[in-house]
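**Student:** Let me give you the structure first, and then I'll get to my questions.
The values are calculated or read from the model by the stated rules, or taken from the named source; none is laboratory data. Keep in mind it's a predicted model, so treat the numbers as computed, not measured. In this analysis, Cβ positions are derived from the backbone assuming ideal geometry, glycine residues included, and neighbour counts consider all displayed protein chains. With ligands, DNA and RNA removed, areas are computed over all heavy atoms of the protein, side chains included. Shrake-Rupley method; radii C 1.70, N 1.55, O 1.52, S 1.80 Å.
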Amino acid sequence: MTRVSRDFGDTMQKDAVPAVSADVIFNSSRFPNYKIGANNQIVESKDDPKVLSMKEVVARETAQLLEQQNRLSVRDLASKFEKGLAAAAKLSEENRLREAASLEKHVLLKKLRDALESLKGRVAGRNKDDVEEAISMVEALAVQLTQREGELLQEKAEVKKLANFLKQASEDAKKLVDEERAFARAEIETARATVQRVEGALQEQERLSRASGKQDLEELMKEVQEARRIIMLHQPSKVMDMELELRALRAQLAEKSKHSLLLQKELARSKRVVENGSQIFELDGHEALGSYLRIQPCSDNAPELFKCSIQWYRVSAEFGKKELISGATKSVYAPEPFDVGRILQADIVSEGQQITLTTAGPIDPAAGLGSYVEALVRKHDVEFNVVVTQMNGANYPSESIHVLHVGKMRIKLCKGKTTIAKEYYSSAMQLCGVRGAGNAAAQALFWQAKKGLSFVIAFESDRQRNAAIMLARRFAFDCNIMLAGPDDRAPLGT
């Protein structure tokens, strides 16, 4: 632009030229270029012979991001997209500021052109040529500014596209991070469950190993004890000889004691016969569990027993209390486990006269029955082969073998695979020895499974019959049930 001399300035009216902002400086015909530097920071590029356009910068950054996507972790990729999104936002803000500055430049150029047009009409000669040249330069600058605005609009569109791409990529990265986090948590839970399962398996294996080791040790100890016993049998010592001799002495002493008791009872019976010479009946039989007692006439004047009324009682040897044995009205009675340790008494009524017979002493237990029952208690269910003789008071038609199961919770009677009766222990159940039935009374028992269902059952031996009664009563007692015969719970005072 041609400089205006001082003289010319003095001749021009000062108020005719509008004021131009002092801060407008046209150092360059181009706006400054920016690029993304380290840590995705936007920096102003310095004077460089190779200045890249915004489109090239965007393309290069996009290529670098796509290249780094394969080697960055999911978290780093998400962070990278976040930084790119921030950079795009900063570029968008810079473009907005540029648009404002461009608008201000257009206004200033218009004001300057108007001022030059006004000045052109007031000057002449060489000064007029200078003003026209200045107007042409302002118009050229306006054209350049318009072109630059077009480039800025294109760059703005690219920046918007990049921002949208980075925003979508950031959302995809967040979604990918969430999916990877969920997958990682699932993997961690699976690994934790696997570890717990492995720990449980190891603990179970360790427990089994300890148990097997303990069992092996017990078996080894048993083998050692058995080996010692075999060695002692093949090489008897003085201690073993003394033990065998002591056992033999104990057996002899028990036999002598038993024989002595029998002699004492026989002596008491003989004394009672001598004292009661007029006694017309007597009790015959071994006064012990497993046998039976029979009332027999001992005088020619004795009335026939079927014409007499008979009732058996059990009497406490210590307190003298008398208990009526319900249903024991026959001339034969087989003692049952409840009678052990008690005296048995039979009252005979004939033609208004009452005759009382008692045993010489309390009923003795059966030899070896206690240890036999203790061995059976260890079993959950004990089976006995039996024959049913009566059912509900009537003779049973079949004489085939049945099986009586005495369990810890119930009693069951079966014939083959058919269950005839199966009842749990209850207050309605009754179990006792048969009170009558002749010589077979010692091997038979009465069982009322429930009201309206009863059986008379015969065993192979008196030992099995008494063991079944004792076993069932013991299991019932464990269930808080007192298992006895009819009316056995009603004691009678003397």
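**Student:** Provide the per-residue ³J(HN,Hα) series for region 384-390, in order, calculated from phi with Karplus coefficients 6.51, -1.76, 1.60 and θ = phi - 60°, each as a whole number of Hz, with x at glycine and proline positions.
**Tutor:** Rounded to whole hertz, the list is 10, 7, 9, 10, 7, 9, 9.
**Student:** What whole-number value in Å² describes the accessible area per residue of region 307-352 for a 1.4 Å probe?
**Tutor:** Each residue of region 307-352 exposes 44 Å² on average to a 1.4 Å probe.
**Student:** Residue-wise, which Karplus ³J(HN,Hα) couplings in Hz belong to region 171-183, taking 6.51 cos²θ - 1.76 cosθ + 1.60, θ = phi - 60°, and x for glycine or proline?
**Tutor:** 5, 4, 5, 4, 4, 5, 5, 4, 5, 5, 5, 4, 5
**Student:** Given points 7 Å out from each Cα along the Cα-Cβ axis, report the Thr358 to Leu141 separation in nanometres with one decimal.
**Tutor:** Rounded to a tenth, the inter-label distance reads 15.2 nm.
**Student:** Stretch Ser257-Glu245 to full length: gain in nm at 0.36 nm per residue minus the Cα-Cα span? Don't jump to the answer; show the numbers that get you there.
**Tutor:** On the way: separation 12, 0.36 × 12 = 4.32 nm, distance 1.82 nm.
Extra length available between Ser257 and Glu245 comes to 2.5 nm.
**Student:** Moving on. Rounded to the nearest 20 Debye, what is the dipole magnitude of region 375-494 about its Cα centre when Lys and Arg each give +1 and Asp and Glu each give -1 at the C-beta? Let's see the in-between values first.
**Tutor:** Values: 16 positive and 9 negative charges, 70 e Å.
Computed charge dipole of region 375-494: roughly 340 debye.
**Student:** What share of Cα pairs, in percent, lie more than 22 angstrom apart in region 316-467? Walk me through the numbers on the way to the answer.
**Tutor:** Values: 5393 of 11476 pairs.
Within region 316-467, distances greater than 22 Å cover 47 percent of Cα pairs.
**Student:** Next question, about the same structure. Setting aside same-chain residues fewer than 8 positions from Lys258, which aspartates and glutamates have a Cα under 14 Å from its Cα?
**Tutor:** Glu266, Glu287, Asp364
**Student:** Mind scanning Lys90/Lys175; Lys322/Lys408; Lys330/Lys422; Lys379/Lys422; Lys222/Lys417; Lys322/Lys412 and naming the pairs with a C-alpha gap bigger than 28 Å?
**Tutor:** Numbers: Lys90/Lys175 24 Å; Lys322/Lys408 32 Å; Lys330/Lys422 30 Å; Lys379/Lys422 19 Å; Lys222/Lys417 40 Å; Lys322/Lys412 33 Å.
In this structure, Lys322/Lys408; Lys330/Lys422; Lys222/Lys417; Lys322/Lys412 lie more than 28 Å apart at Cα.
**Student:** Applying 1/(1 + (r/R0)^6) with R0 = 45 Å to the Cβ-Cβ distance of Thr329 and Gln225, what FRET efficiency is obtained, to the nearest 0.05?
**Tutor:** Numbers: r = 56 Å, r/R0 = 1.25.
Working from the Cβ atoms, E equals 0.20.
**Student:** For Gln390, what residues show an amide H to amide H distance below 5 Å, using hydrogens built from the backbone and excluding near sequence neighbours?
**Tutor:** Tyr396, Val456
**Student:** If each of Arg474 and Glu56 carries a label point 7 Å out from its Cα toward its Cβ, how far apart are those two points in nm?
**Tutor:** 10.8
**Student:** If you roll a 1.4 angstrom probe over the protein chains with everything in place, what fraction of the accessible area of region 350-494 belongs to carbon and sulfur, to the nearest %?
**Tutor:** With neighbouring chains kept in place, the figure for region 350-494 is 51 percent.
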